[in-house]
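Trainee: Structure provided below as structure tokens; questions to follow.
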Amino acid sequence: MAIKRRTGSTKSPPILSHEFFIQNHADIISCLAMIIVVSLLFQATSPYAAYFVALQHNTTEVLGNPMALYSSGPKDLCVIFFYFLISIVIHAVVQEYIIDVCDEFIFIFLLKMIIDYIYSKKKI
């Protein structure tokens, strides 16, 4: 007896599989970013979440310039990580709502052109 191969399955891939992460990477990253943002609301976690949102290395001298000056340091890696998360979320939104819709319109337009071309050749 031959084993039947499933085609066109709409089932979700198993959790923690490679395919699951490929399909849901934007959702996972957006949840992580939301956890960081929501932790800013609570007094107990706010100091830790601030490392991910704002620059931390203030080098302003009190006697000199009244403007706040910042330099780079190891705490800025948290800020870079958070901005990286946000850029992944923005990329996913642009891909889902702009690029995919444009691709679909272009595909439909080209399909109509091909069908019109085929029908115009049959009439001759």
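Trainee: Condition first: of a type in the set (A, V, I, L, M) and either part of a loop (DSSP other than H, G, I, E, B) or modelled with pLDDT under 85 (or both). Now tell me which residues in region 1-30 satisfy that. Step through it out loud before you land on a result.
Mentor: Pass one, region 1-30, residues of a type in the set (A, V, I, L, M): 1-3, 15-16, 22, 26, 28-29.
Passing the criteria: Met1, Ala2, Ile3, Ile15, Leu16, Ile22, Ala26.
Trainee: Hey, among Ile86, Ile98, which residue is exposed (fewer than 11 other Cβ atoms within 10 Å of the Cβ), modelled with pLDDT of 85 or more and within 19 Å of the chain's Cα centre (by Cα)?
Mentor: Numbers: Ile86 fails: exposed (fewer than 11 other Cβ atoms within 10 Å of the Cβ).
Checking each option against the conditions leaves just Ile98.
The values are calculated or read from the model by the stated rules, or taken from the named source; none is laboratory data. All values reported here derive from a predicted model rather than from experimental measurement. Counting neighbours? That spans all protein chains shown, and the Cβs are built from the backbone with ideal geometry, glycine included.
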